[in-house]
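One structure is given below, encoded as structure tokens.
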Amino acid sequence: MKTYLTVKNQHQTELLIKKSTFICSVARTESEEQATQFITQVKASHAKATHNCFAYLLGMQNEIQRSSDNGEPSGTAGHPILEVLKKNNLRNVTAVVTRYFGGIKLGTGGLIRAYSQATSQALTAETIVICQPQQILELEIAYPQLGKLQHFLESEAISLINTEYLVSVTLTVAVPQENATQFEKKVIELLNNAVKIKKGQLRYRELPYHA
């Protein structure tokens, strides 16, 4: 599992260029089925639009890349949208830019700039998240060790998921995958080996993105 960037949730923004309205709708999609469903949904919402151009990226290495000019001159809409998604290093995302023609032709260069700008406007730091892989760990300790371990977790900014109080105490935590081995070593050293560590599943955690 690798850290990647994607969009936080489905949203849209609007841009007016020379009387043409460009509406960019963006969503997180993790399969071609989800991507095509989203595109179909947007097209249905804007059935009277002049064009509904789109692009999507799927896979951790962007193994699947698709785009469509939907009637605009070749290479002036879908490809610019796709390039903006790639420039922002996004994964598993679909963008549809809807155009309502305002009567003024933009020309090839103008169209490329318009579709690029409409897509970029929808991809701000507030709309993008970091998906970080985390290792779930269960830390079983004796009660006298609890305060020391809790203080350590707070100082390391480790996410505490659950605490179970039985004969012993078991704390379930989520640690960034890349730091998991080092974290285990620190805990063992801190508690003089008086801890049982059990590895759980890997999961993704969403974190704020700062451009």
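Figures for the structure shown
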read-out	value
Single residue of Leu202, Leu166, Leu160 found to be touching a Pro at 6+ places or on another chain (Cβ under 7 Å), at negative phi and surrounded by fewer than 18 Cβ atoms within 10 Å (Cβ to Cβ)	Leu202
Residues within segment 98-110 that are surrounded by 15 or more Cβ atoms within 10 Å (Cβ to Cβ) and of a type outside the set (Gly, Ala, Ser), tallied	4
Residue in segment 30-40 that is of a type in the set (Ser, Thr, Tyr), under 23 Å from Cys131 (Cβ atoms) and buried (at least 18 other Cβ atoms within 10 Å of the Cβ) present	no
Only one of Thr76, Thr98 that is in the same structural domain as Cys24 (by TED's automatic domain parsing) and assigned to a strand (DSSP E or B)	Thr98
Yes/no for Arg66 being over 23 Å from Thr21 (Cβ atoms), buried (at least 19 other Cβ atoms within 10 Å of the Cβ) and of a type in the set (Lys, Arg)	no
Selection status of Arg113, touching a strand residue (DSSP E or B) at 6+ places or on another chain (Cβ under 6 Å), of a type outside the set (Gly, Ala, Ser) and surrounded by 15 or more Cβ atoms within 10 Å (Cβ to Cβ)	no
Index of the failed condition, Tyr143 passing every other in (1) in contact with a helix residue (DSSP H, G or I) (Cβ under 6 Å, 6 or more places away or on another chain); (2) among the aromatic types (Phe, Trp, Tyr); (3) surrounded by fewer than 19 Cβ atoms within 10 Å (Cβ to Cβ)	(1)
Subset tally (residues that are of a type in the set (A, V, I, L, M, F, W, C) and either assigned to a helix (DSSP H, G or I) or not assigned by TED's automatic domain parsing to the domain that holds Leu111 (or both)) for segment 23-65	5
Residue in segment 148-166 that is outside the structural domain of Lys87 (by TED's automatic domain parsing) and in contact (Cβ under 8 Å) with a residue 60 or more places away in the chain present	no
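Table: residues versus (1) of a type in the set (Gly, Ala, Ser); (2) part of a helix (DSSP H, G or I); (3) within 30 Å of Tyr4 (Cα to Cα).
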site	(1), (2), (3)
Phe152	no, yes, yes
Thr181	no, yes, yes
Lys186	no, yes, yes
Asn192	no, no, no
Arg205	no, no, yes
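The values are calculated or read from the model by the stated rules, or taken from the named source; none is laboratory data. What you are looking at is a predicted structure, and each value in this text was computed from that prediction instead of being measured. All Cβ positions, glycine included, derive from the backbone under ideal geometry; neighbour counts span all protein chains shown.
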